[in-house]
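Contents: one structure, followed by commentary.
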Amino acid sequence: MYNELVNKFKKVFADGGTPRVFFAPGRVNLIGEHTDYNGGHVFPCALDVGTYAVAQLREDQKVRLYSMNFEEIGIVEFPLQEDLVYEKAHDWANYPKGVLKEFADRGWGVNKGVDVLYYGNIPNGAGLSSSASIELATAVMLNELFEINADTLELVKLSQHAENEFIGVNCGILDQFSIGMGKKDSAVLLNCQTLEYQYSPLKLEDAVIIIANTNKRRQLGESKYNERRSECERALKDLQKVLNISSLGELTPEQFEQHKHLIEDETCRKRAKHAVYENARTLKAVEYLNNGNIEQFGKLMNESHVSLRDDYEVTGKELDSLVQAAWETNGVIGSRMTGAGFGGCTVSIVKKDAVETFKKQVGERYTKETGLVADFYVVNVGDGAREIKKEV
């Protein structure tokens, strides 16, 4: 892969130099969905698929970006010295452009142009966070090329800020954190309010993680993501009339039940219920995993999906069809939607000897119910964003 990408870079940019190669993974969240911006806990892991950025500094002030995934768009070019603003015509390149602006706003010595070729092997629109993967690949690349020496957590926060402010998607820190701070063969429990975190080994033994892509395209910025967030904020505001809390993640289910009458709007009450109960499920699930109880972990994954379907209402026919089919297939330990919802992917823990049956049965039933064809990926858990050294 390394040599292929370097050769492609030289061909696209007609350059005979020696570019450097960087990589940021995709991520999957095992449990803890829509809790990150509610001050709760999440439990993601980085994957072995992601975004490559092949880059070389220039001697002028020109930035040239090219993606092998969007070759029809060609090279996106803009000068560093101009105001870096979102431009619809720049399409995917607005993600690295937003990160560049964050570096510039901090006065972090980006004083030369750069040529960058991107290649991602995350399925587009699948909900494995290709946008945050591009952002972290760019942040790590700029950090190394310009010798900024920022730590990874700073790059994570910077990338989240770029998505919030430049792209206009009010995401929490889950995606960028898990992509930046991922660790091979481990998932990470993150408190999104304090950014305290701890790694848990993924001891699946006779089981694997399977991502199933609905192949229903989902555009996060145009989804109801921001709407859900504002509903939770309204619920929190109602609760704060009596409770001294700064986020829904501070409440236990028992406390929520005791005070839920304070939330005036019924829809906002349902959204808050999901946030509180999902946070509790996440903490319990990690406890089960650390004790080697993968069956109970799976049951909590299933409960998570039911809550996302009924209380948070972010699933939809495609995700529900995939998950329901998984639940009714032998050898499935747990299955749920993952990501923002409204399309995208499910994550399932499946016994190794049931993988082929799972793909066949779930795939056939999904197509019968939706008319769409799902893609299945058995994924490995990898390290976070980093520079890739030349293959020896």
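Please treat every number below as a calculation from the coordinates, not as lab data. Only a predicted model underlies this, so the values are computations on that prediction, with no experimental measurement involved. Cβ sites come from the backbone with ideal geometry, for glycine too, and all protein chains shown count toward neighbours.
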With no solvent and one point on each alpha carbon, what is the Debye value of log10 I(q)/I(0) for region 131-201 at q = 0.15 Å⁻¹? -0.49
At q = 0.11 Å⁻¹, the log10 of I(q)/I(0) for the chain from a Debye sum over equal Cα scatterers comes to -0.79
Whole-percent tail of the Cα-Cα distance distribution for region 311-392, cut at 20 Å, equals 39 percent
No solvent, one uniform scatterer per C-alpha: report log10 I(q)/I(0) for region 1-43 via the Debye equation at q = 0.22, 0.26 1/Å, two decimals. -0.73, -0.93
Using square roots of five times the C-alpha gyration tensor eigenvalues, list the equivalent-ellipsoid semi-axes of region 243-300 in whole Å, biggest first. 27, 12, 8
Just for the chain, what percent of DSSP beta bridges are antiparallel, to the closest 5? 90 percent
Is any residue of region 78-98 close enough, with backbone N under 11 Å, to a label point placed 7 angstrom from the Cα of ASP105 along the Cα-Cβ axis, and if so, which? 98
Hydrodynamic calc, region 54-210: Kirkwood Rh from Cα pairs, then Stokes-Einstein at 4 °C with viscosity 1.567 mPa s, so D in µm² s⁻¹ is 78 µm²/s
Would you mind calculating the gained length between VAL378 and TYR2 on full extension (0.36 nm times residue separation, minus the Cα-Cα distance), in nm to one decimal? 133.1 nm
Which of HIS261, HIS305 has the fewest other C-beta atoms within 10 Å, and how do the rest follow up to the most? HIS261, HIS305
Note, ³J(HN,Hα) from phi for region 210-216, Karplus 6.51, -1.76, 1.60, rounded to Hz, x at Gly and Pro: 10, 9, 10, 9, 5, 6, 9
In region 57-115, the GluC sites (Glu not before Pro) that fall in loop regions by DSSP, at most 16 other Cβ within 10 Å: GLU59, GLU82, GLU87
Reduced to Cα centres, the span from region 300-314 to region 173-210 in Å works out to 21 Å
Sparse-neighbourhood loop hits (chymotrypsin sites (Phe, Trp or Tyr not before Pro), region 1-110; DSSP loop; Cβ within 10 Å at most 14 others) -> TYR86
Percent of Cα-Cα distances greater than 17 Å, calculated over region 38-139: 54 percent
List the extent of the Cα atoms of region 20-70 along each of their three principal axes, largest first, rounded to whole Å. 45, 23, 21
Long-range Cα-Cα pairs in region 231-378 (distance over 17 Å), rounded percent: 64 percent
Which one, TYR66, GLY50, TYR86, is farthest towards the positive end of the dipole of region 30-91 when Lys and Arg carry +1 and Asp and Glu -1 on their Cβ? GLY50
Calculate the length of the line joining the C-alpha centroid of region 234-269 to that of region 91-105, in whole Å. 37 Å
Modelled label reach - GLU313, point 7 Å along Cα→Cβ, region 256-289 residues with backbone N closer than 14 Å: 265-274
Can you pick out the pairs among LYS8/LYS88; LYS237/LYS260; LYS284/LYS359; LYS284/LYS317; LYS101/LYS184; LYS157/LYS203 whose Cα atoms lie more than 19 Å from each other? LYS8/LYS88; LYS284/LYS359; LYS284/LYS317; LYS101/LYS184; LYS157/LYS203
Residue-wise HN-Hα coupling along region 9-24, computed from phi with Karplus coefficients 6.51, -1.76, 1.60 (Hz; x: Gly, Pro): 4, 5, 6, 5, 9, 6, 10, x, x, 10, x, 9, 10, 10, 9, 10
Rel. contact order, % - alpha carbon contacts under 8 angstrom, at least six apart, the chain: 24 percent
Report, in whole Å, the centroid distance computed from the Cα atoms of region 1-59 and region 334-385. 22 Å
